[in-house]
Amino acid sequence: MNWSFRDIVMKTFPADLLLWLAVTVPVFLANESPEVGQPPGLPLPWARIAAVPLLALAVAVGRRWPVVAAAVPVGLALAVTPELYTDTFMIPQLLLAFLLGRRTAGMRPGLLFFAGVCLAGLVAVNLTPGLTLSDWLSLVTTAVTNILLPWLAGRYVRQHDGLVRTGWELAERLEREQSLIGERMRLVERSRIAGDMHDSLGHELSLIALSAAALQVHPGLDESARQAAAELRGSAARSTERLREIIGVLREDGESAPVLPSGDTVAALVERAAASGMAVTLHGELEPLPPMADRAVYRVVQEALTNATKHAPGAAVTVRLGTDHASGEAEVTVVNAAPPAGPLPAVLPGEPSGGFGLVSLDERVRLAGGRLRARPADGGFAVTARLPLTAGVAATPPDSQRELALARRKVRRRMIDAIWLPIAAAAALMLVTSGYDLYTARRSVLDAGVYAELRVGQSLASLGSRLPAYQVNDRGRPRGAPADPQGADECRFYRIRANSPSPTYRLCFTGGRLSHKDEVPTVRR
């Protein structure tokens, strides 16, 4: 299919718009630490303003040049901090690095991009006064987390999609091959049905010819009536011969004419099977059925008995016939038990299997307007067919295509679940974590009035009810906090404002009493 430029734009624009929002909105929502955007880096407000058009450009060229798209947030992050670690541009780095792996076939672009980022960071560290090798190692660690791992995840998704696509192509090819084989079997079975109709119709035409011959020599008829009877007999004979020639063309090479009478019954078939040594019993009987349904019942029993002699020799076989007037259907069921141990009995003689199996049997039942079901049962096998009691019921279409479409929908739904469930779980975890951080941040604020009332020498026990429940960093000392005053046993840090971890109030205690209080800068990362 040839897509015009307008079609491509209309097809990709909604997805690109959502991607631009996904990489741009977090830039303005990130609660960045005060160190980011300080000299020698680019001021953070200016970087955020520049990010809007630059990220739009990255999304626009991302399908054609994914490396360029992934380089945009990396460049913005390096502009504000030489360590590359920044909450502001972390989400754009993760998403565009993932798409780099998703949209490129080889490994070279991603690996060269990662090496280029590390090399650029090394150059920046050497050219910037005050930076050391540890700062470059921090950059490499951030690049592994924000670039290399998402890129590998994108490559995995690309390879998985390729395997799935290849699997579907193979399944479709096998389906087409099976469909061709099944169609051939159905055509063969239709020719066999035509042969059955020939046998029945030829028998009827032979009776007509025999009756016409009897009329021709009847002494009570005049010459004109005898002439008419002779013409009728000749027409019946010519029709029988022409029908035989037509059916002879339909029969496959090497297929012999049937040796059993066209009106052979299920009861006679079961009797011959029992006489040959098979442990088979017949239960029930059927009402008169239309010719197609009647022959289908016969073929179902014949094929099931033949399969039982092949695959479960010596097993007991039960044939049940019945009529369900409520649904207007006749039901035939052939069940064979598990084969016993011991010598194999004689197989059913004189009953050809046809060589077409359940495919051709299903076609015969379907053309008669019925349904066929074959399944394992208690260690053996059961074949059940339901056919209409009246003629004229439309044949049910094959459902292989419907089952294939259903299987595809299940696979797509499972793939969507596999993608969205982890994303939803991660989002829920982020919401819970953010909510907890917000809660602890508000509970770690020391009121300015309370701070002003604190006096050196007061005991910690007397201040316990007036101090916040949480400190700035309950997991340890805040990063960047100044050294404790000499002689202090413990120092506690409390927020001045809920939305900023720096500066903070520092309260130091010696011997369980307040010995020092001041306002100090801290950075918690």
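A few points about this structure:
- For Leu57, Leu21, Leu139, the ranking by accessible surface with the largest value first comes to Leu57, Leu21, Leu139, using a 1.4 Å probe.
- When the surface is traced with a 1.4 Å probe over the full set of protein chains, Glu453 keeps roughly 100 Å² accessible.
- Annotation for Val450 and Ala153: the two label points, set 7 Å from Cα along the Cα-Cβ direction, are 4.0 nm apart.
- Distant-in-sequence amide H partners of Thr504 (H built 1.01 Å from N, under 5 Å): Val520, Thr522
- Remark: accessible surface ordering of His516, His311, His218 (largest first) is His311, His218, His516, probe radius 1.4 Å.
- With all protein chains modelled, accessible area of Ser515 [1.4 Å, Å²]: 50
- For Ala338, nonlocal amide neighbours, meaning residues 5 or more places apart or on other chains whose placed amide H falls under 5 Å from its own, are Gly380.
- Using θ = phi - 60° and Karplus 6.51 cos²θ - 1.76 cosθ + 1.60, couplings along the range 309-319 (whole Hz; Gly, Pro as x): 5, 7, 9, 9, x, x, 7, 6, 10, 10, 10
- By a 1.4 Å probe calculation restricted to protein chains, Thr166 has an accessible surface near 80 Å², given to the nearest 10.
- In Hz, Karplus ³J(HN,Hα) per residue of the range 46-61 (6.51, -1.76, 1.60; θ = phi - 60°; x = Gly, Pro): 5, 5, 5, 5, 5, 5, 4, x, 5, 5, 4, 5, 4, 5, 5, 9
The values are calculated or read from the model by the stated rules, or taken from the named source; none is laboratory data. No experiment lies behind these values; they were computed from the predicted model shown. Quick reminder, even Gly has a Cβ in these numbers, built from the backbone with ideal geometry, and neighbours come from all protein chains shown. The accessibility values were calculated without ligands, DNA or RNA, using every heavy atom of the protein model including side chains. Shrake-Rupley method; radii C 1.70, N 1.55, O 1.52, S 1.80 Å.
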